[in-house]
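K.L.:
First the structure, then my questions, so here it is.
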Amino acid sequence: MRIRGWFVSAGLVLGLMFIMVRLFMIQVVSTRSFSALEADLIQKADAIHQKEVIINSGRGEIIDQVGRSFVGEENLRLFVFPQTEQQLYLRRKQFLQLSRLLGYQKDVLFREMTHLTKPTILTTINGKELILNQVQKTEINKLKIPGVFVVNSDNRVRNKPSAQQVIGRIGRNPSLIKNLYSKEIQSGKYSLQSYIGVTGLEAAFESFLHSEAEKVLNYTTDGRGKALVGAKLFFKEKNSLDPSYSIKTTLNKDIQTRIDKILEEEHVEEGAVVIQEIQTGNILAMSSRPSGNGSSQMKNPWDNRAIMEATPGSIFKTVVAIAALEEGVVRPDTVFHCKGHLQKYKLTDDHKSGHGKITFTEAYAKSCNIVFGQVAEKLGGEKIEAYARRLGLGQEVIWSGKVFKDKEFHQLPQEQTGVIFANNEAKKDLGAVVQAGIGQRDVKLTPIQATNMITSLFHRGKVIRPRIVTAIYDQNGKIYYSFVNQYLPNQKPLKARTINEMQRMMRMVVKGGTATSLNQAKWSLAGKTGTAQVGKDNSLYNKWMIGFGPFAHPKYAVAVVIHSIKTEDDIRAKKIFQKVMDEMFLYENRDKTTKHKIKKRNNPSRLSH
């Protein structure tokens with residue numbers, strides 16, 4: 001027994017000695033190559049405790065129609081590390097001064113600092129960009145607060161720009177890079193850690209905007225991954241094989257910002273607004289909700305509702321009206337009799353007792369389902385679909401074409417096509433045709449298609465391809481590529497009479513139809529309202545308002561949609577439409593005043609007095 005006990009004890013001692021030698025070899029002698037794979041354990045430990053944040057993306061700038069930056073402009077910004085309550089208390093005086101310099105309330109700034117989970121560039125209280133000036137930079141640097149300093153940054157990764165869904169976002173996605181840019185990886189233009197455009201223009205123009213000339217800040221974390229305030233920081237700049245290009249959009253930043261604000265004022269949870277310049281077909285503003293970085297009830301805020309399809313309801317009666325007028329099926333003064341229902345198709349109208357004797361113009365103005373069900377029945381599914389496509393529906397309409405080696409370049413590749421009839425059988429089913437005639441059943445279209453359809457009425461019925469981008473610029477500010485205006489191919493113009501009659505019918509919607517509230521607008525407006533039943537049991541509604549203004553000299557086409565509203569009587573689509581048009585009225589007058597002042601300053605005869 002004693003001998004056996006001795007052997008056991010000796011075995012334990014030898015085992016402990018072996019473990020100690022092994023640990024000595026790992027930690028001291030062969031730390032940098034200890035395994036069959038020769039893993040560098042120090043390097044791995046450093047990697048675990050080293051994190052990075054991008055300060056400058058190096059990507060090309062995205063600007064508005066007059067050269068103002070949406071993203072890509074370098075500015076002075078405040079870079080901050082998370083702070084504990086104890087750290088704030090120890091430097092309370094400096095942080096109070098900082099709050100005053102930034103225009104933050106003390107409690108709000110303190111809450112922001114303690115709620116941060118990682119180092120970041122600070123925004124304003126309402127989440128907008130916080131741009132500093134040289135005076136602020138000097139004063140902040142004087143405070144010498146650990147973990148708080150001013151950097152020159154484009155804030156491309158965290159920035160939520162105006163028109164965020166149009167501009168899009170960038171991110172790291174090694175698997176996507178490997179699939180899309182394998183040749184570029186081999187040439188050194190990309191790496192698996194490159195930032196790439198994921199949505200919007202950032203994605204569509206990735207090959208032009210991309211650059212590897214990033215500026216990155218490395219910082220140290222503790223064992224729990226928490227950033228260490230006061231630890232040594234390293235700035236790292238990368239070189240790029242290819243310079244980046246900038247793109248000029250058709251958007252107007254002032255108008256875009258104001259439209260974003262209008263949707264916020266009206267508490268729109270999901271919806272979109274599109275403003276199109278009628279003469280050029282250019283998109284001046286494209287606003288979508290929800291916005292931000294987080295999701296709202298599983299709805300992605302980076303999805304652009306302005307190019308996503310939705311059931312249109314009665315705005316689709318515009319297509320039916322144009323087809324019927326062009327084909328000679330009706331005239332504006334053709335008389336119908338509405339009893340409030342079309343029994344054989346189980347179609348009803350909001351006016352249960354019916355409109356009685358009513359002209360086609362009045363039926364459009366008052367959005368009579370019964371009249372438009374009858375007209376759709378006469379036209380048939382084939383003609384309705386043909387005219388819908390002729391007006392740019394059921395297909396992509398945003399600018400696309402050959403750009404250098406890319407034969408089918410799309411300015412916004414996420415655009416949805418919409419649909420008129422789900423299949424050929426539906427076109428032959430008169431019940432489905434009648435439902436399509438009032439914008440229900442299979443029919444879906446996008447806000448940009450709706451806006452563009454209105455614009456086509458001022459291009460002889462020919463559908464222009466809306467541009468979001470007009471040009472790509474090189475590093476010297478010279479045009480590298482221009483996107484020339486184009487129409488959909490094989491276009492046949494509408495009769496001038498059809499167009500004139502349609503425009504007057506749209507005016508009657510405002511004068512004495514379903515949109516009389518718009519008579520309070522600053523311009524005389526014309527348009528069409530729409531209410532579509534949606535949801536599993538048709539208990540929700542899409543509310544639309546489309547139209548143009550001013551009526552006498554049309555300049556802008558606008559589409560508004562609000563998704564999945566619980567009440568049919570919601571009037572916000574009309575309110576937003578009026579607010580948008582009033583904003584365009586003010587914009588026009590401000591523009592005229594500015595031009596007048598410039599002309600006055602440059603007039604020698606005036607300057608000599």
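K.L.:
Looking at segment 481-531 only, could you name the residues that are assigned to a helix (DSSP H, G or I) and among the polar types (S, T, N, Q)? Even if it seems obvious, please write down each step before you answer.
P.N.:
Filtering segment 481-531 down to residues assigned to a helix (DSSP H, G or I) leaves 496-512, 516-520.
Result: 498, 500, 503, 516, 517, 519, 520.
K.L.:
Here is a follow-up. Quick test of your reading of the structure: residue 306 fulfils all but one of (1) open to solvent by less than 20 Å² (accessible area, probe 1.4 Å); (2) closer than 14 Å to residue 438 by Cβ. Name the failing condition by number.
P.N.:
(2)
K.L.:
Right, another one. Go through segment 381-396 and count every residue that is out of contact with any strand residue (DSSP E or B) (no Cβ under 8 Å at 6 or more places or on another chain), in a loop (DSSP other than H, G, I, E, B) and open to solvent by 50 Å² or more (accessible area, probe 1.4 Å).
P.N.:
Result for segment 381-396: 0.
K.L.:
While we're here: Can you pull out the residues in segment 254-267 that are out of contact with any Ser or Thr (no Cβ under 6 Å at 6 or more places or on another chain) and open to solvent by 60 Å² or more (accessible area, probe 1.4 Å)?
P.N.:
So in segment 254-267, the residues out of contact with any Ser or Thr (no Cβ under 6 Å at 6 or more places or on another chain) come out as 254-255, 258, 261-262, 264-267.
Selection gives 254, 258, 261, 264, 265, 267.
K.L.:
With the requirement that a residue be more than 19 Å from residue 288 (Cα to Cα) and either in a loop (DSSP other than H, G, I, E, B) or of a type in the set (Lys, Arg) (or both), what does segment 532-565 give you?
P.N.:
Scanning segment 532-565 gives 535, 536, 537, 538, 539, 550, 551, 552, 553, 554, 555.
Table: residues versus (1) of a type in the set (Phe, Trp, Tyr); (2) within 23 Å of residue 261 (Cα to Cα); (3) touching a Ser or Thr at 6+ places or on another chain (Cβ under 6 Å).
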position	(1), (2), (3)
98	no, no, no
101	no, no, no
110	yes, no, no
116	no, no, no
120	no, no, no
125	no, yes, no
130	no, yes, yes
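K.L.:
With (1) open to solvent by 10 Å² or more (accessible area, probe 1.4 Å); (2) under 24 Å from residue 551 (Cα atoms); (3) in contact with a Leu (Cβ under 9 Å, 6 or more places away or on another chain) as the list, and residue 449 as the residue in question, which single condition is left unmet?
P.N.:
Here residue 449 meets the rest and fails (1).
K.L.:
Just the residues that are charged (D, E, K, R) and surrounded by fewer than 15 Cβ atoms within 10 Å (Cβ to Cβ), please, taken from segment 340-377. Step through it out loud before you land on a result.
P.N.:
Going residue by residue through segment 340-377, those that are charged (D, E, K, R) are 344, 346, 349-350, 352, 357, 362, 366, 377.
Selection gives 344, 346, 350, 352, 357.
K.L.:
Against the definition (within 20 Å of residue 412 (Cα to Cα), among the aliphatic types (A, V, I, L, M), open to solvent by 60 Å² or more (accessible area, probe 1.4 Å) and not assigned by the TED database to the domain that holds residue 405), how does residue 180 come out, yes or no? Please lay out each step first, then the result.
P.N.:
Numbers: within 20 Å of residue 412 (Cα to Cα): yes; among the aliphatic types (A, V, I, L, M): yes; open to solvent by 60 Å² or more (accessible area, probe 1.4 Å): yes; not assigned by the TED database to the domain that holds residue 405: yes.
Yes.
K.L.:
Only one of 468, 438, 464, 472 is crowded, with 17+ Cβ neighbours inside 10 Å, under 21 Å from residue 551 (Cα atoms) and modelled with pLDDT of 95 or more. Can you tell me which? Reasoning before the result, please.
P.N.:
Working: 468 fails: under 21 Å from residue 551 (Cα atoms); 438 fails: under 21 Å from residue 551 (Cα atoms); 472 fails: under 21 Å from residue 551 (Cα atoms).
Testing whether each residue is crowded, with 17+ Cβ neighbours inside 10 Å, under 21 Å from residue 551 (Cα atoms) and modelled with pLDDT of 95 or more leaves just 464.
K.L.:
Can you give me the number of residues within segment 55-86 that are in a loop (DSSP other than H, G, I, E, B) and free of Cβ contacts under 8 Å to residues at least 40 places away in the same chain? Steps first, answer last, please.
P.N.:
So in segment 55-86, the residues in a loop (DSSP other than H, G, I, E, B) come out as 57-61, 64-68, 72-74, 81-84.
Filter once more, keeping what is free of Cβ contacts under 8 Å to residues at least 40 places away in the same chain: 84.
Going through segment 55-86 one residue at a time, the tally reaches 1.
K.L.:
Same structure again: Is segment 60-75 home to any residue that is within 23 Å of residue 163 (Cβ to Cβ), at pLDDT 90 or above, touching a strand residue (DSSP E or B) at 6+ places or on another chain (Cβ under 8 Å) and surrounded by fewer than 14 Cβ atoms within 10 Å (Cβ to Cβ)?
P.N.:
Looking for residues that are within 23 Å of residue 163 (Cβ to Cβ), at pLDDT 90 or above, touching a strand residue (DSSP E or B) at 6+ places or on another chain (Cβ under 8 Å) and surrounded by fewer than 14 Cβ atoms within 10 Å (Cβ to Cβ), one finds at least one in segment 60-75, hence yes.
Residues are listed down the side, and each one gets a yes or a no for (1) in contact with a Phe, Trp or Tyr (Cβ under 8 Å, 6 or more places away or on another chain); (2) outside the structural domain of residue 496 (by the TED database); (3) farther than 28 Å from residue 497 by Cβ; (4) surrounded by fewer than 20 Cβ atoms within 10 Å (Cβ to Cβ):
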position	(1), (2), (3), (4)
269	no, no, yes, yes
272	no, no, yes, no
278	yes, no, no, no
281	no, no, no, no
286	no, no, yes, no
312	yes, no, no, no
316	no, no, no, no
334	yes, no, no, yes
337	no, no, no, yes
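K.L.:
Just to check your reading of the model, which residue among 371, 375, 397 is touching a residue at least 12 places away in the same chain (Cβ under 8 Å) and either under 21 Å from residue 483 (Cβ atoms) or assigned by the TED database to the domain that holds residue 209 (or both)?
P.N.:
Residue meeting the stated conditions: 397.
K.L.:
Output the number of residues of segment 481-511 satisfying the condition of being among the charged types (D, E, K, R) and open to solvent by less than 70 Å² (accessible area, probe 1.4 Å). Outline the logic, then answer.
P.N.:
Pass one, segment 481-511, residues among the charged types (D, E, K, R): 492, 495, 497, 501, 504, 507, 511.
This time we only want the ones that are open to solvent by less than 70 Å² (accessible area, probe 1.4 Å), so: 501, 507.
Selection size over segment 481-511: 2.
K.L.:
Here's another thing I want to ask about it. Looking only at segment 333-349, which residues are in a strand (DSSP E or B) and either within 16 Å of residue 378 (Cα to Cα) or not polar (S, T, N, Q) (or both)?
P.N.:
The answer is 335, 336, 337, 338, 341, 342, 347.
K.L.:
If you don't mind, there's one more thing I want to ask. For segment 76-101, give me each residue that is under 32 Å from the mean Cα position of the chain (by Cα), among the hydrophobic types (A, V, I, L, M, F, W, C) and surrounded by 18 or more Cβ atoms within 10 Å (Cβ to Cβ).
P.N.:
Answer for segment 76-101, where residues must be under 32 Å from the mean Cα position of the chain (by Cα), among the hydrophobic types (A, V, I, L, M, F, W, C) and surrounded by 18 or more Cβ atoms within 10 Å (Cβ to Cβ): 78, 79, 80, 81.
K.L.:
Next up: Can you confirm whether residue 444 is in contact with a Pro (Cβ under 9 Å, 6 or more places away or on another chain) and either among the polar types (S, T, N, Q) or closer than 30 Å to residue 344 by Cα (or both)? Spell out how you get there, then give the answer.
P.N.:
Values: in contact with a Pro (Cβ under 9 Å, 6 or more places away or on another chain): yes; either among the polar types (S, T, N, Q) or closer than 30 Å to residue 344 by Cα (or both): yes.
So residue 444 fits the description; yes.
K.L.:
Which condition does residue 188 not pass, out of (1) of a type outside the set (A, V, I, L, M, F, W, C); (2) farther than 15 Å from residue 72 by Cα; (3) in contact (Cβ under 8 Å) with a residue 60 or more places away in the chain, if it passes all the others?
P.N.:
Condition not satisfied by residue 188: (3).
K.L.:
Looking at (1) open to solvent by 30 Å² or more (accessible area, probe 1.4 Å); (2) modelled with pLDDT under 90, which one does residue 146 not meet, given that it meets all the others?
P.N.:
Failing condition for residue 146: (2).
K.L.:
OK, next. Determine, yes or no, whether residue 543 is assigned by the TED database to the domain that holds residue 355, open to solvent by 30 Å² or more (accessible area, probe 1.4 Å) and among the charged types (D, E, K, R). Talk me through it step by step, then tell me what you get.
P.N.:
Values: assigned by the TED database to the domain that holds residue 355: yes; open to solvent by 30 Å² or more (accessible area, probe 1.4 Å): no; among the charged types (D, E, K, R): yes.
Judged against the criteria, residue 543 is not a match.
K.L.:
Return the residues of segment 189-211 that are of a type outside the set (Gly, Ala, Ser), under 25 Å from residue 119 (Cα atoms) and surrounded by fewer than 19 Cβ atoms within 10 Å (Cβ to Cβ); say none if nothing qualifies.
P.N.:
If the condition is that a residue be of a type outside the set (Gly, Ala, Ser), under 25 Å from residue 119 (Cα atoms) and surrounded by fewer than 19 Cβ atoms within 10 Å (Cβ to Cβ), then 192, 193, 198 are the ones that fit.
K.L.:
Consider residue 63 carefully, then state whether it is farther than 30 Å from residue 476 by Cα and out of contact with any Leu (no Cβ under 6 Å at 6 or more places or on another chain). Quick ask: steps written out before the conclusion?
P.N.:
Values: farther than 30 Å from residue 476 by Cα: no; out of contact with any Leu (no Cβ under 6 Å at 6 or more places or on another chain): yes.
So residue 63 fails the test.
K.L.:
Of the residues 471, 436, which is more than 30 Å from residue 210 (Cβ to Cβ) and assigned by the TED database to the domain that holds residue 274?
P.N.:
Details: 471 fails: more than 30 Å from residue 210 (Cβ to Cβ).
Being more than 30 Å from residue 210 (Cβ to Cβ) and assigned by the TED database to the domain that holds residue 274 holds for just one of 471, 436, which is 436.
K.L.:
Please go through segment 239-253 and give me each residue that is surrounded by fewer than 14 Cβ atoms within 10 Å (Cβ to Cβ) and either closer than 30 Å to residue 578 by Cα or modelled with pLDDT of 75 or more (or both), ordered by number.
P.N.:
239, 243
The values are calculated or read from the model by the stated rules, or taken from the named source; none is laboratory data. For clarity, every value in this text was computed on a predicted model and none was experimentally measured. Reconstructed Cβ throughout: ideal geometry from the backbone, glycine too, with neighbour counts over all protein chains shown. Quick note on the areas: whole protein, heavy atoms, side chains included, nothing else; ligands and nucleic acids left out. Shrake-Rupley method; radii C 1.70, N 1.55, O 1.52, S 1.80 Å.
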